[in-house]
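Only one structure is covered here, and it is reproduced in the block below.
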Amino acid sequence: MTRSAGTQAPRARAGAAPWLAEGEWVPVLVLAALCFLILYPLYWIVEGSLRVSILDAGYTLGWYRKVFGEDLAATLRLFANTLLLAGGGTAMALLVGTGVALLIARTDMPGRSLYQLVFMGPFFLTPMISGVCWTLLASPRIGILNAWLRPLLGLSGTTGPLDIYSMPGMIWVLGLYLTPYVFLSVAAALRSIDPTLEEASRMSGCSAPRTLFTVTLPMIKPAILGGALLAFVLGMGIFGIPAILGIPARTYVLSTAIYGAMAGWPANREYACVLSLILLGASVFAVGLQRRALGGRSFTTITARGSRQAQVELGAWRWPIGIGAWLIAGVLCVMPLAALLYAAFASRWTASFRPDLLTGRNFARLPEIEPNLIPALRNSLFLAALSATLVVVLAVLLGRIILRRRDVVSRLIEQVAMLPVGLPGMVFAVGLLAAYIRPPLILYGTPYILLIAYVTLFLPVGVRASTASLRQLDPALEEAGRMSGAGALRRILDLVAPLIRPGMLAAWALIFVTLMKEFSSSVLLGSPAVPVNATVLWNLWTLGNYGALAAFEVINTALMAGVAGLVLAFGGRRHARARAA
Amino acid sequence: MTSRRAVLGLMAGAAGAAVLPAPLRAQELQAAARREGRVVVYGSWPAAVMNRLGTAFRAKHGVAVEFTNMPTSQTVQRFVAELEANQPNVDVVQISDLAPYVDFARRNLLLAHRSAEYAAYPERFRDSDGRWVVLAMNAENMIYNTEQVPRERAPKDWADVLRPEFQGRIAAPDIRGGGTGYLFYYAMREIFGVDFHRRLGALRPQLHVGTAGQGQAVLSGEAAAAVGLLHYTGLDLLKQDARAPIGIAWPEPIPLAVRAAGISARAPRPNAAKLFMDFVASDEGQRVGVVGAGSISPRAGLATPGVPDLAARRTFTIGHDQMDRYLQQQAELTREFTQLYL
């Protein structure tokens, strides 16, 4: 039976929603493993926040007194800016991501498949490069968009009207970067839910918009909130965009202040650790808020009965809506990618398009400038794919515990699994280094440290996706499997996995793409024997060769888009066939 | 408490290890280095430079160089973490800042190496016990966009960028972005007084972390000029495209940022490390890894293409004897910077 969205679910009964193994010890063991994986590196960050200095023995509360005492006004300003940036970026990602997901999954808009890939475009760029691309488009003096807009709007002067070096500019770029987190989560949920309720609503005379707001959106609330939560928490810790767009305009957020604290000498790693703990606290608070918002309500919309996709036919509006949507995609996604392509093929960056500067030299010289180019791409590809797969498998197991057992242990598992997401990579990497350079588990200097770092860092993304997907699954499905004599593993592989495949493949793609660009942990923990993309990025950045950097980004983006696109397309077809059957 | 014990233990152990029994002769050193097989180097020097150095070093001595390229802050984190955890792996540490070496040397975290090659370096650029040595320098200069700044208005002196026409059009380093930014702030304040920063701050410059961003801002035309960026930025832009609208000025005194290196007191391969340091400090190593990469050698008689003869120019450097004052003022000057520029 389908329970409608928003009804109170009965508390989980023993045996009603079986776990992989019914023993009570399993969740406790999982929690213990998670604590080691996540809380142990975090311990070293807390320890770092109490150290006198990186070279001095002894502990002090002095850094806390500085952050929350003498520098309180500055801390509050940083925190307010961080909240504004992450909140604004999340709001934009919610609006655009949900809108695009609805267009793709619920309408017959022309070119939907390609539209999905185009909206993933900005996400393939590293945040720093994304910021740099937007400076070409919308910096006040030389931005190409400003050069077009000034005569169009009859404006005199040599600057504006757009200024990417501002808080609205940062929110714009961050929002675009975060959009796939919401979009993929919502699109997967829309593809998974049973359309019977939407059809019933329309047959009862409700208009399409009313059905959308009273039936569709409430049903996918976990996916929307899950995507928004991830976007918000990631937005708080992001560094590249505020570094490129915020610092020139003197707008600082916690992540840029943390970078500043760690960059100079004496390195204020301890101060950076205290600031990072503020981000950690904010992410714990955000997870709590989300849990409260979803409460004990059931969002079960995938039942034992088969279903097919519901689609709204746009009729006469099909082409106007399609053209409008593609125009928006052009501004939001195609332009920054075009700016990147121009930078990759130009001998230097210019304010206006100069065909005489086009050259293939940036690509041709890449192997000479960076001898590790091919090994780095190969290693990153392997490590990202393996880590993403491990995260997805672990996340499904964790998600089942979190949702099927509503006790203290499951709540702790959910909270602990989400902790790393709010921390800036450069600080969490310090914790990981301290954790795995000493007993009991010395992984320092081996490729395994990168693998474990990647899995730890991206477990929250997987857990968000798995809980959002599993929340929609009717426990009766597994109950039926159990009564038919299927074992726990078979039930997961044959019943659960096919139904949550869209959500988990979307998560896989997100993690894979993000790891292909991961910088902080890769640089600090990597070894010369295993060069990864971060090594290449750092090398090209220090050389100040933006043309070669852009060429590398183009290659990496094509690789990421190819792999992620293949996986999503393959998964989508398999899922459609499974649903139809 | 583990880390506390580890740090204290390290210092006690290192104090003994840092004293060399007697210098090995060149051939003995080479043989010992070959037995160790490789030298592990962490540093912020560009990988292309290190690859060139590594190839030349291996060809000459038959010892491989394993280089991990990372930012200065990560290099320091990793070096200290290895020592604390008693898992030393690095032999040679190279970073773009002198200040950490002075601290490291005081705490006996670096090995004393009385290299004959170091004698060719000015005293202010090396530790008296050979625990560290400045192996390369980069001048902080000024670039401007030749399409935006008429030739007759091109800045030549530091004070020229304080003209009102540069309001909002200067790319300046953020003092909090690392050693380069702080050196520029400190040098200008020492030379011209705080008024220089008061006036530059009033022009609302674009702030940048990292010298590459300043160069791109001028190249694209978003900024008309940039100050306090490392000299190779402008030269590299012209090397990448000779038609780039970049003009370079060398106002005096020229602040010199340094790249130093030292051997870890707990280096697992101390002989390979010493041989490598000797090579990089030698005339041959300097030609391959410093002058060839566009940086400036502290050794006399090695000219870098595109860089004026610094012996004939006034320069500004922070010697290790001035380092305490330089560092002690950092917190106060950072506060001052935020008041004047933000």
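The values are calculated or read from the model by the stated rules, or taken from the named source; none is laboratory data. Everything numeric in this text was worked out from a predicted model, so none of it was measured. Neighbour counts run over all protein chains shown; Cβ positions are idealised from the backbone, glycine included. In case anyone asks, the SASA skips ligands and DNA or RNA and just uses the protein heavy atoms, side chains included. Shrake-Rupley method; radii C 1.70, N 1.55, O 1.52, S 1.80 Å.
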Condition set acidic (Asp, Glu) and under 23 Å from B:Gly213 (Cα atoms), scope the stretch B:149-202, selection nearest to the other protein chains (Cβ to nearest Cβ): answer is B:Asp174
When the stretch A:106-131 is checked residue by residue, the ones that are part of a helix (DSSP H, G or I) and either open to solvent by less than 10 Å² (accessible area, probe 1.4 Å) or among the aromatic types (Phe, Trp, Tyr) (or both) are A:Tyr115, A:Phe119, A:Met120, A:Gly121, A:Pro122, A:Phe123, A:Phe124, A:Ser130, A:Gly131
In the stretch B:56-68, anything open to solvent by 20 Å² or more (accessible area, probe 1.4 Å) and at the interface with chain A (Cβ under 10 Å from one of its Cβ atoms) is listed as B:Val65, B:Glu66, B:Phe67
Selection from the stretch B:81-101 of residues facing chain A (nearest Cβ under 9 Å), open to solvent by 10 Å² or more (accessible area, probe 1.4 Å) and over 25 Å from B:Thr317 (Cα atoms) yields B:Ala81, B:Glu84, B:Ala85, B:Asn86, B:Gln87, B:Asn89
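Matching residues to (1) open to solvent by less than 20 Å² (accessible area, probe 1.4 Å); (2) assigned to a helix (DSSP H, G or I); (3) facing chain B (nearest Cβ under 9 Å):
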| residue | (1), (2), (3) |
| --- | --- |
| A:Thr211 | yes, yes, no |
| A:Thr214 | no, yes, no |
| A:Gly227 | yes, yes, no |
| A:Gly235 | yes, yes, no |
| A:Ile244 | no, yes, yes |
| A:Ile247 | yes, yes, yes |
| A:Thr251 | no, no, no |
| A:Thr256 | yes, yes, yes |
| A:Glu270 | yes, yes, no |
Next on the checklist: Among the residues in the stretch B:102-112, are any of a type in the set (Lys, Arg), more than 19 Å from the chain's Cα centre (by Cα) and at the interface with chain A (Cβ under 9 Å from one of its Cβ atoms)?
Outcome noted: yes
Looking across the stretch A:357-378 at residues that are of a type in the set (Val, Ile, Thr) and open to solvent by less than 60 Å² (accessible area, probe 1.4 Å), the single one that is farthest from the other protein chains (Cβ to nearest Cβ) is A:Thr359
Counting only residues that are within 14 Å of chain B (Cβ to nearest Cβ) and either buried (at least 16 other Cβ atoms within 10 Å of the Cβ) or at positive phi (or both), the stretch A:21-45 contains a total of 4
Scanning the stretch A:525-542 for residues that are open to solvent by 30 Å² or more (accessible area, probe 1.4 Å) and within 16 Å of B:Arg78 (Cβ to Cβ), the one farthest from the other protein chains (Cβ to nearest Cβ) turns out to be A:Ala529
Among helices (runs of 4 or more DSSP H) entirely inside the stretch A:311-400, those with 2 or more residues being under 28 Å from A:Thr98 (Cα atoms) are A:318-329, A:335-345
Of the residues in the stretch B:124-147, those that are buried (at least 17 other Cβ atoms within 10 Å of the Cβ) and either over 25 Å from the mean Cα position of the chain (by Cα) or part of a helix (DSSP H, G or I) (or both) come to B:Phe125, B:Asn145
Taking the stretch B:295-337 and the residues there that are within 14 Å of chain A (Cβ to nearest Cβ), closer than 26 Å to A:Thr542 by Cβ and assigned to a loop (DSSP other than H, G, I, E, B), the one that is farthest from the chain's Cα centre (by Cα) would be B:Ile318
In the stretch B:231-280, residues that are assigned to a helix (DSSP H, G or I), within 13 Å of chain A (Cβ to nearest Cβ) and open to solvent by 20 Å² or more (accessible area, probe 1.4 Å) total 6
- Is it the case that some residue within the stretch A:161-183 is at positive phi, within 14 Å of chain B (Cβ to nearest Cβ) and surrounded by fewer than 24 Cβ atoms within 10 Å (Cβ to Cβ)? no
Here the residues within the stretch B:29-41 that are on the phi < 0 side of the Ramachandran plot and more than 10 Å from every other protein chain (Cβ to nearest Cβ) are B:Leu29, B:Gln30, B:Ala31, B:Ala32, B:Ala33, B:Arg34, B:Arg35, B:Glu36, B:Arg38, B:Val39
